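Colleague: A single structure is presented below for examination.
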Amino acid sequence: MTQQNCSALEVRNIIIRKGVEQDYKQILELMKSFAVFQKTPEKVFITLEEMLQNKDLFQCFVASVANEIVAFASFFFAYYSWSGKAIYLDDLYVKDEYRQQNIGTKLLNTVVEYAREQQCKSIRWLVSRWNENAINFYRKMGAETEDTEMPCICKLV
């Protein structure tokens, strides 16, 4: 199936599962694609070697079609002083040609279910203000958006 054909076909055999080390190369390529989509490709510094070294910290779910990873949702556990245990959803990205097929919904639902199993009280993430499609998707999924906070980043390297 070529990429051109893929957008015209409904994908039925989507497998959602935990990402494993053997997936990291494909996930890294998706991370780079996501950075281009976000108009910030220069911000991707992570390497495959670093991902492998930090495999105990890196967690994600992937969506695969015919052994190709077409989407991922990366996350980590956090603890918030006001609300307790949570998952922070770092990235959720679906390849362009696989969008509008509920893959993002399935991935986010998988993260939500996992958070519930782990007795988390919430899931938090950021969304770009310009990305109206993502904002509408998240709101449709029941998320609330806030304008009270903004991210702060202190780079150590």
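Colleague: What is the spin-label model distance, in nm, from LYS121 to TYR79 if the labels are put 7 Å beyond Cα along the C-beta direction?
Modeller: Taking the simple label geometry, LYS121 and TYR79 are separated by 1.2 nm.
Colleague: How much solvent-accessible surface does MET141 expose, in Å² to the nearest 10, with a 1.4 Å probe and all protein chains in place?
Modeller: 60
Colleague: Moving on to the next point. Can you compute log10 of I(q)/I(0) for the range 4-89 with the Debye formula, treating each Cα as one identical point scatterer, at q = 0.19, 0.23 Å⁻¹?
Modeller: Summing over Cα pairs of the range 4-89 leads to -0.98, -1.20.
Colleague: Any idea what the relative contact order of the range 5-157 is, in percent, if you count C-alpha pairs under 8 Å spaced at least 6 apart?
Modeller: After rounding, I find 20 percent.
Colleague: May I pose another question? Show that you can apply the helix-only estimate: for the chain, add -39,500 (n - 2.57) for every DSSP H stretch of four or more residues, divide by all residues, and state [θ] at 222 nm to the nearest 500.
Modeller: -9000 deg cm²/dmol
Colleague: Also, quick follow-up: Not counting ligands, DNA or RNA, and with a 1.4 Å probe, what is TYR80's accessible surface area in Å² rounded to the nearest 10?
Modeller: So the heavy atoms of TYR80 present about 50 Å² to solvent.
Colleague: Tell me, what % of the accessible area of the chain is carbon and sulfur with a 1.4 angstrom probe?
Modeller: The computed percentage sits at 51.
Colleague: Students often get this wrong, so check it: of LYS106/LYS140; LYS39/LYS106; LYS39/LYS95; LYS25/LYS95, which have C-alpha atoms separated by over 18 Å?
Modeller: Exceeds cut-off: LYS39/LYS106.
Colleague: Using DSSP to define loop residues, name the GluC sites (Glu not before Pro) in the range 71-144 whose beta-carbon has at most 12 other beta-carbon atoms within 10 Å.
Modeller: Hits after loop and neighbour filter: GLU144.
Colleague: For the full complex of protein chains and a 1.4 angstrom probe, list THR148, THR105 by accessible area with the highest value first.
Modeller: Ranking THR148, THR105 by accessible area, largest first, yields THR148, THR105.
Colleague: A follow-up question, please. Using the alpha-carbon atoms, what tilt in degrees (0 to 90, nearest 10) does helix 103-117 show relative to the longest principal axis of the chain?
Modeller: The answer is roughly 40 degrees.
Colleague: Note down the nm distance, to one decimal, between modelled labels 7 Å out along Cα→Cβ at GLU49 and at ILE135.
Modeller: So the label points at GLU49 and ILE135 sit 4.1 nm apart.
Colleague: The range 42-76: which GluC sites (Glu not before Pro) are DSSP loop and have at most 16 other beta-carbon atoms within 10 angstrom?
Modeller: none
Colleague: To continue, here is another question. Within 10 Å of each candidate Cβ there may be at most 14 other Cβ atoms; applying that plus a DSSP loop requirement, which chymotrypsin sites (Phe, Trp or Tyr not before Pro) in the range 8-71 survive?
Modeller: PHE45
Colleague: In Å, what is the Rg of the alpha-carbon atoms in the chain, and how long is Dmax?
Modeller: 15.9, 49
Colleague: Relative to the longest principal Cα axis of the chain, at what angle does helix 24-37 sit, 0 to 90 degrees, rounded to 10?
Modeller: That helix lies at roughly 80 degrees to the long axis.
Colleague: Distance between Cα centroids, the range 88-157 to the range 17-42: provide it in whole Å.
Modeller: One Cα centre to the other: 16 Å.
Colleague: Let's test this: bin the Cα-Cα distances of the range 66-118 at 10 Å from zero up to the farthest pair and state each bin's percent.
Modeller: With a bin width of 10 Å, the distribution comes to 22, 46, 23, 7, 1.
Colleague: State, to one decimal in nm, how far the label point of GLU113 lies from the label point of THR145, with both points 7 Å from Cα in the Cβ direction.
Modeller: Going from the GLU113 label point to the THR145 one covers 2.8 nm.
Colleague: Ignoring ligands, DNA and RNA, what accessible area per residue does the chain give at 1.4 Å, in Å²?
Modeller: Ligands and nucleic acids excluded, the result is 70 Å² per residue.
The values are calculated or read from the model by the stated rules, or taken from the named source; none is laboratory data. Computed from a predicted model, the values in this text were never measured in an experiment. A quick note on method: Cβ atoms are made from the backbone with ideal geometry, for glycine too, and the neighbour counts reach across all protein chains shown. Heads up: the accessible areas ignore ligands, DNA and RNA and are worked out on the full protein's heavy atoms, side chains in. Shrake-Rupley method; radii C 1.70, N 1.55, O 1.52, S 1.80 Å.
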